[in-house]
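These notes concern the structure reproduced below.
The values are calculated or read from the model by the stated rules, or taken from the named source; none is laboratory data. None of these values were measured; they are calculated from a predicted model. Heads up, the Cβs are rebuilt from the backbone with ideal geometry, glycines too, and the neighbour counts pull from every protein chain shown. Only protein heavy atoms, including side chains, enter the accessible area calculation; ligands, DNA and RNA are left aside. Shrake-Rupley method; radii C 1.70, N 1.55, O 1.52, S 1.80 Å.
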Amino acid sequence: MLKIAIQKSGRLYEDSVKLLRECGIELNNGNKQLKTTAFNFPLEVYFLRDDDIPQYVYDGVADIGIVGENVLLEKGKDIERVYRLGFGKCRLSIAVPKSGQYDGLSDLQGRKIATSYAVLLRDFLTKNNISAEIHEISGSVEIAPGIGLADAICDIVSSGSTLFTNGLKEVEIVLESEAILAANKKLSEENKSILKKLLLRINAVKTARNNKYIMLNAPNHQLQNIFKLLPGMKSPTVVNLAEEGWSSVQSVVNKNEFWDVIEKLKKFEAEGIIVVPIEKMVM
Ligand code: ATP
Ligand code: ZN
């Protein structure tokens, strides 16, 4: 039985549970309890505060965990970073009052910076040869300059709207973060093999999300051009249409290249283009 720690509630909870569900893992009940067991996969789920997850994984109370890279690096526990999950994206940034002038890092020299990320901030300042006073507080960091507690802050930002409403502007990025699947370094052989199965599923879900299935009709004299645009997993599927000289082509296309590819396909006389989402994709 593999034990996974996920956030009990907060910004990573929904996406963590959704990921498990998309991996075909069904949980008995929600996060009302401390732990629950999946009934169709050898997985026990612990619901914890995100700050505690690195320690639990390090101690082996949980074998693996889903946690923001910001928290993982701040806690500095020696655990394995296994997979970048692509959700919970945010930045750890330094912000200063919008009204003030800021011309670069040297403006922070000798200043007071409030943060809940003292370790990451200290590393960043040291790397940049800045000595500033770090004032560690556990929450509501963004109000610190307004109440005269600090000259600047270092905190998590995603859209920047919280900073804006508190009269601050983002001036330096300390870390770009996302949710990470992390693991204890000494897993049993049994748990290693369960983790491998879980990773195969996570990969299938992630790859599927990044790709779309595409079907189209094209005149045969354009097929070579179209194959170059749609290499697919191995090569595209081609089926003759009942109409002489035409074929149907089926392939996969990366979601980021998708519109670009469609425009080019039109130039190569493709018609009746249908694009559908893919649920799972195993390469
Ligand atoms: P807990 O009660 O578990 O301690 P928390 O309040 O510390 O929760 P959340 O605000 O739920 O934590 O954020 C969890 C993680 O989500 C962060 O550590 C970060 O990795 C990520 N995240 C993504 N976007 C944001 C954001 N805009 N603000 C804060 N965290 C974000
Ligand atoms: Zn927390």
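Quick rundown of the values:
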item	result
Per residue accessible area of segment 90-177, 1.4 Å probe, in Å²	52
Partners for Lys18 among aspartates and glutamates (Cα-Cα distance below 20 Å; same-chain residues under 8 apart left out)	Glu26, Glu44, Asp50, Asp63, Glu69, Glu178, Glu279
Euclidean distance of C-alpha centroids, segment 199-274 and segment 88-140, integer Å	48
Lys127 paired with Glu26, simple spin-label distance in nm, labels 7 Å along Cα-to-beta-carbon	4.6
Rg(Cα) / (2.2 N^0.38 Å) computed for the chain, rounded to two decimals	1.31
Pairwise Lys count, segment 211-277 - Cα closer than 18 Å, eight or more residues apart or different chains	12
Rg over Rh [alpha-carbon atoms, Kirkwood Rh] for segment 23-172	1.07
Val61 versus Asn203: modelled label distance in nm, points set 7 Å from Cα along the beta carbon direction	3.2
Within the chain, helix-based [θ] at 222 nm, where runs of 4 or more DSSP H residues each add -39,500 (n - 2.57), nearest 500	-8000 deg cm²/dmol
Kyte-Doolittle mean at least -1.0, axial Cα span of 20 Å or more - DSSP H helices of the chain	189-209
Burial order of peptide ranges 116-124, 190-198 (average beta-carbon count within 10 Å, highest first)	116-124, 190-198
GNM result for the chain, Cα springs below 10 Å: residue of Ala242, Ala62, Ala179 fluctuating most strongly	Ala242
